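Q: Following this message is one structure expressed as structure tokens.
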Amino acid sequence: MASAEIPEHTARHTPEPAPAPARDADIARAAAAIADPSRARVLRALAEGRALPASVLAAEAGVSASTVSGHLALLLESGAVRVEPHGRHRYYRLAGPAVAEALEALARISPPLPVTSLRESSHAHDLRRARTCYDHVAGRLGVALMTALLERGFLEGGDGRYDPATARHDRLSAPGQDVTYRLTAPGREELAAFGVDADRLRGRRPLIRYCVDWTEQRHHLAGALGAALTDRLFERDWIRRGARRRVVLLTDAGRAGFERTFGVRPTWDRPPEQPAPR
């Protein structure tokens, strides 16, 4: 028996489903998830991009295992973190770079916590010197690396500076939008020799992005290239993770290698000059 066909005029006039109405973002819910001091410490511990078990996060937050379990459940419900099962263990990770960017932005507008010990003061100094910003190097070292890549001609399109007087969309502690950086042919070749093949990084994530560093108020390299370069620096033991959250330590091999390979100046640890106010 011949199959029945839908008349052409019927198919042509079949109404399409109405699009779902646009909804406002539930900012209050996201803010409430971060607002608790213990949950804020958990999120800061995860901000360097690693997955951590609940036991480590409890120690970072200074709470018991049962208490941190409740905090993690709320963070999971809010969408701020996700969980990864590894055998019998569960590891937690930030849901994505947008969460880390939000934390950086909040850090910029938040009053500093009172320093109650020399250890806390040293931690704040170490974070400004060199840290991870989700999955790439930030702080003074990250800015120095970005500057060197531009000066060596590995990147082009900007000068690495953030000037609030001329910025259109750029803001501190946020991914940059005003400048379009490009990887040059010499840069592609030199990075490949270093072990970072830019051609293999193509995907849904942009190859090159930058963040406006909230402590140095200059650009540091982000995107797929920034993450891959940071991974390679860890692999070669040029940088190591510090004992405190997000802190990055430059090794002796790294100090020599940064200067030899990328042209990072030996004086990189000095505060960079900022644009004069207009």
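The values are calculated or read from the model by the stated rules, or taken from the named source; none is laboratory data. Since we're looking at a predicted model, the values are computed, not measured. Cβ atoms come from the backbone with ideal geometry, glycine included; neighbour counts cover every protein chain shown. The area values use the complete protein model at the heavy-atom level, side chains included, leaving out ligands, DNA and RNA. Shrake-Rupley method; radii C 1.70, N 1.55, O 1.52, S 1.80 Å.
Q: Quick check on my filter: what residues within the range 234-273 are under 19 Å from R152 (Cβ atoms) and of a type in the set (S, T, N, Q)?
A: T261, T267
Q: Okay, moving on. Considering only the range 206-222, how many residues are open to solvent by 50 Å² or more (accessible area, probe 1.4 Å) and within 22 Å of R182 (Cβ to Cβ)? If you could, list the steps in order and put the result at the bottom.
A: At the first step, the residues of the range 206-222 found to be open to solvent by 50 Å² or more (accessible area, probe 1.4 Å) are 206, 209, 214, 217.
Cutting the leftovers down to within 22 Å of R182 (Cβ to Cβ) gives us 206, 209.
Result for the range 206-222: 2.
Q: In addition: For residues that are more than 14 Å from R41 (Cα to Cα) and part of a helix (DSSP H, G or I), scanning just the range 103-112, find the one that is modelled with the highest pLDDT.
A: Ranking the candidates gives A105 first.
Q: Could you go through the range 97-111 and let me know if any residue there is over 19 Å from the mean Cα position of the chain (by Cα), without any contact (Cβ under 8 Å) to a residue 40 or more places away in the chain and surrounded by fewer than 17 Cβ atoms within 10 Å (Cβ to Cβ).
A: Initial filter on the range 97-111 (over 19 Å from the mean Cα position of the chain (by Cα)): 111.
Cutting the leftovers down to without any contact (Cβ under 8 Å) to a residue 40 or more places away in the chain gives us 111.
Still in the list and also surrounded by fewer than 17 Cβ atoms within 10 Å (Cβ to Cβ): 111.
Yes.
Q: Additional query: Does A165 satisfy the condition of being surrounded by fewer than 12 Cβ atoms within 10 Å (Cβ to Cβ), out of contact with any Gly (no Cβ under 9 Å at 6 or more places or on another chain), of a type outside the set (S, T, N, Q) and at negative phi?
A: yes
Q: Checking A243 against (1) without any contact (Cβ under 8 Å) to a residue 12 or more places away in the chain; (2) assigned to a helix (DSSP H, G or I); (3) within 30 Å of A59 (Cα to Cα); (4) not basic (K, R), which single condition isn't satisfied?
A: Failing condition for A243: (2).
Q: Also: Given (1) modelled with pLDDT of 95 or more; (2) of a type outside the set (D, E); (3) open to solvent by 30 Å² or more (accessible area, probe 1.4 Å), identify the lone condition not met by V137.
A: The single condition V137 does not satisfy is (3).
Q: While we're on this one: From R236, R241, grab the single residue that is open to solvent by 50 Å² or more (accessible area, probe 1.4 Å) and at pLDDT 95 or above.
A: Among R236, R241, only R236 is open to solvent by 50 Å² or more (accessible area, probe 1.4 Å) and at pLDDT 95 or above.
Q: Among the candidates R188, R232, single out the residue that is of a type outside the set (F, W, Y) and more than 19 Å from the chain's Cα centre (by Cα).
A: Result of the check over R188, R232: R188.
Q: Ok, one more. So which residues in the range 198-213 are free of Cβ contacts under 8 Å to residues at least 24 places away in the same chain and in a loop (DSSP other than H, G, I, E, B), if there are any at all? I'd like the intermediate steps shown before the answer.
A: Within the range 198-213, the first condition is being free of Cβ contacts under 8 Å to residues at least 24 places away in the same chain, and the residues that meet it are 199-200, 202-206.
R202, G203, R204, R205, P206, listed by residue number.
Q: Can you give me the number of residues within the range 60-82 that are more than 17 Å from A32 (Cβ to Cβ) and surrounded by fewer than 21 Cβ atoms within 10 Å (Cβ to Cβ)?
A: 9
Q: From the list L225, L250, which residue is more than 14 Å from the chain's Cα centre (by Cα) and buried (at least 18 other Cβ atoms within 10 Å of the Cβ)?
A: It is L250.
Q: Please go through the range 59-92 and pick out each residue that is under 28 Å from A227 (Cβ atoms) and at pLDDT below 85.
A: Passing the criteria: A59, E60, A61, P85, H86, G87, H89.
Q: List pairs: first in the range 257-271 and touching a residue at least 12 places away in the same chain (Cβ under 8 Å) and under 16 Å from M146 (Cβ atoms), second open to solvent by 20 Å² or more (accessible area, probe 1.4 Å) and in a loop (DSSP other than H, G, I, E, B), Cβ under 7 Å, 6+ apart or cross-chain?
A: Within 7 Å, the pairs are F262/R152; G263/R152.
Listed here are the residues, each with its yes/no results for (1) in contact with a Pro (Cβ under 9 Å, 6 or more places away or on another chain); (2) under 13 Å from G142 (Cα atoms); (3) outside any helix (DSSP H, G or I); (4) not aromatic (F, W, Y).
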{"site": "L191", "(1), (2), (3), (4)": "no, no, no, yes"}
{"site": "T215", "(1), (2), (3), (4)": "no, yes, yes, yes"}
{"site": "R232", "(1), (2), (3), (4)": "no, no, no, yes"}
{"site": "D237", "(1), (2), (3), (4)": "no, no, yes, yes"}
{"site": "D269", "(1), (2), (3), (4)": "no, yes, yes, yes"}
